1. Please give the length that would be gained between K122 and A677 if that part of the chain were fully extended, namely 0.36 nm times their separation in residues minus their C-alpha to C-alpha distance (nm, one decimal).
2. ³J(HN,Hα) across segment 59-70 via Karplus (A = 6.51, B = -1.76, C = 1.60, θ = phi - 60°), whole Hz, x for Gly/Pro?
3. Between S211 and residues 5 or more places away or on another chain, which pairs have amide H atoms under 5 Å apart, with H built 1.01 Å from N, and which residues are they?
4. Expressed in nm to one decimal, what extension gain is obtained for the pair V642 and W601 from 0.36 nm per residue of sequence separation less their Cα-Cα distance?
5. For an R0 of 22 angstrom, estimate the FRET efficiency from the Cβ-Cβ distance between K687 and A343 and round to the nearest 0.05.
6. At 0.890 mPa s and 25 °C, plugging the Kirkwood radius over alpha-carbon pairs of segment 338-386 into Stokes-Einstein gives what diffusion coefficient in µm²/s?
7. What is segment 136-208 by shape, rounded, prolate or oblate, if you read a ≥ b ≥ c off the alpha carbon gyration tensor as root eigenvalues and call it rounded for a/c under 1.5, prolate for a/b larger than b/c, and oblate otherwise?
8. From Cα coordinates alone, what are the radius of gyration and Dmax values for segment 159-285 in angstrom?
Amino acid sequence: MKRIVAWGFRAGTVLLLIGLGVRLLWLAAETETGLETLRTQWRDATVGWFVGNYQPVPQRDPPAQADFWLPKVNRVLEAHPQDARLAMGAALVLDTPSFGFISRYLKYDSRIPGIVDFPGYKEIGPLVEVFEKRCKPRCLEIAARAVELEPQNRAWQRLRALLLLYDVPYCSDDTPRDSRWLDILEKSARHDPDNALYDYLAAYFYWMDSSKWDFSGKQDRLVIHDVDKFSKGIERFEHGQAKKYLSVGDAGFSAVLEFLRHTRIPLTDQYAIVNSRGIHLHRSTLLHRLWRWQMLRAAEKAIAGDVPAALALERQNLWMIAQFTARDRASATDAIATASKVATASTMKNLADAHQDLLDESEQREITELQKTAMLEKKVIEQAARDLARIRPQPSSGLFSTASPSTWAELLAIGLLPSLVILLLSMGVVTYLLARRFADSKTPAVGPIGQIVAWLLAVLFTAALLGLAPAEMISREVQAWVFTLSLFALPIAVVAGIGWLWLRRRQFQYSLLALMVVTVIFALFSSLIAAVYHAGGFSDLPINVAMPLRGWKGIDPELLHNALTPNGETWVWAVYQWYAYAGPYVTVLLWAVLVPMFFSWKWRKRRRQAAGAIPTFRQRIGGYCHSLARPAFGAALLLLGVYLLLTPHYLLQVEKDFQQKITFARDPEAYWKQVEALVEKIRADKKKMEQFRKDVEAELSPPEGGEAE
């Protein structure tokens, strides 16, 4: 009967696991990222023991990203040599590294709670420069190839021109990437005659090469060291002012996605790569720096007393912003463009107020209305951004996730369980084979109670040492005293153990030699204690030793602590520290040590009761393995069941996260249409617009008892 019940239980367990497994695979197959996520998890749980876990491409250092991308680019383009879209997508991938790796260089600033100390050029700059040096030639080459394949495609002309501008965090180069930049811009402009992009890029390069900004004094100044080149920049800027619009477009994102589709890298890597492309960054950098040069030029004119010339330069800025927002939906609500417009209008208003005698009343009213309109438009766009965040909330991910403590625990468990299952299964297979070779039917094994006690002791010990101690749920003072007392107690325990074994071997018979040995050891130990005490050695107790915090994948532990537990969830931090110190694996190994110890005690007890012979080494090995094999299999199946229960929810979260992040790259037009619809809805809301107007009037009104600035 017992055998039937046992077989029924095993069959039921197997059927349950099969059912949960089929459910998991079915759900994974219904999502884009499910099977890929499972494959990565189990790859890390198996091959990862020997070659390391898979590191997402965006999180690798820039030199490693260059090593990864250059062969991929060559392989894809060799297979599709006539595909301009793939070529441009590859060029944009080689434009800049992804910056997920920066999390390893962030530090927590303990001086100001909640502040993160970002790395500087010395830490990041050399890495980014290696990527640029290795990838720039190929990037420019294949961008030119894309234009050569489809010269009439204005999107490729614009992106190729934009790739001449190198502006990457931590590593900005003032010079154009290609020495033939002027010829490239001229050729592209002939295919895109109404676009001011090419003239403005030429002005940017001329001005960058001939001037610099001086912020050292009370007044920001423009220092020109090559008048001829700066004049050429002015000429190109004014030529761009005659164009209808300043456009780059979003075609580059879909091109990058198409290229990534041919590389077969994980989908969960793809959204981070495509969203980190510098298309919008380069475009906004161009606008902001040209705007800044113009504002400095206007300030110089105002200081010289030429107010009409200063206002004319600022009006040029307003027209450049209008060109920027005229064509592309992405630019129409650009934060930098909006802020620049408000700053320009406010500067014009201040200048007009300071020189009222030089301007007629209608011009002053125009400037006042211009400022109000710019501020009102900024409020509309800010409200649209808030509404969009409610409609399409950004998923919580990365270092500063706002996931709940239970979610963090679930994520840690799911990431850990496959590796533990493989470890326990491997241990079970090895011990089972050894048990079959060395054990027999009479070999005892540690029973369920002993197994439970061993697991509890292992978990409690590792949780205290590797979890509670680093998280300081066990105070550092208590840790120091425990270490100090253990340091003193260990030699005493060793001597006492040796003495006990020696006395047992002599069957506790009185011996003058034994008494002399014990007396000498006690005298030496007492003398040592007395000497340390008189030398003041005990005043330094306890020894200041405590378990330090441990980070993850190179991330600063203090930064992780504040990011993962913003509300002070100490237990979450303790669980994380246990995980960071490989606590689960240490627990399994400690259990595998405790079980043989319990087996030895059980065999000794059995031998005393039955007056049996001392077990041989072969019998001991057989008993140890027999005590470990089945429990290891059982623990592996239990953890596998937990994994199969938890993972479906995790896969759905990964899929939701992916879909939210990839939506823009797949259909930028739909995204910007939604933004436009929100803006129009706000403008049509008379009550809200009236409130915005009152807010603008309040901001512009002079404070009580004072004057307007």
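Bear in mind that the values in this text are calculations on the coordinates, not laboratory data. In this text, all values refer to a predicted model and were calculated from it rather than measured experimentally. Note that each Cβ is placed from the backbone with ideal geometry, even for glycine, and that neighbours are counted across all protein chains shown.
1. 195.3 nm
2. Ordered by residue, 3J(HN,Hα) equals 9, 7, 4, x, x, 5, 5, 4, 4, 6, 7, 4 Hz.
3. Correct list: H225.
4. Gain on extension, V642 to W601, equals 11.5 nm.
5. Given R0 = 22 Å and the Cβ-Cβ separation, E is 0.15.
6. Translational D for this selection: 217 µm²/s.
7. The shape class here is oblate.
8. Cα only, segment 159-285: 17.2, 55 Å (Rg, Dmax).
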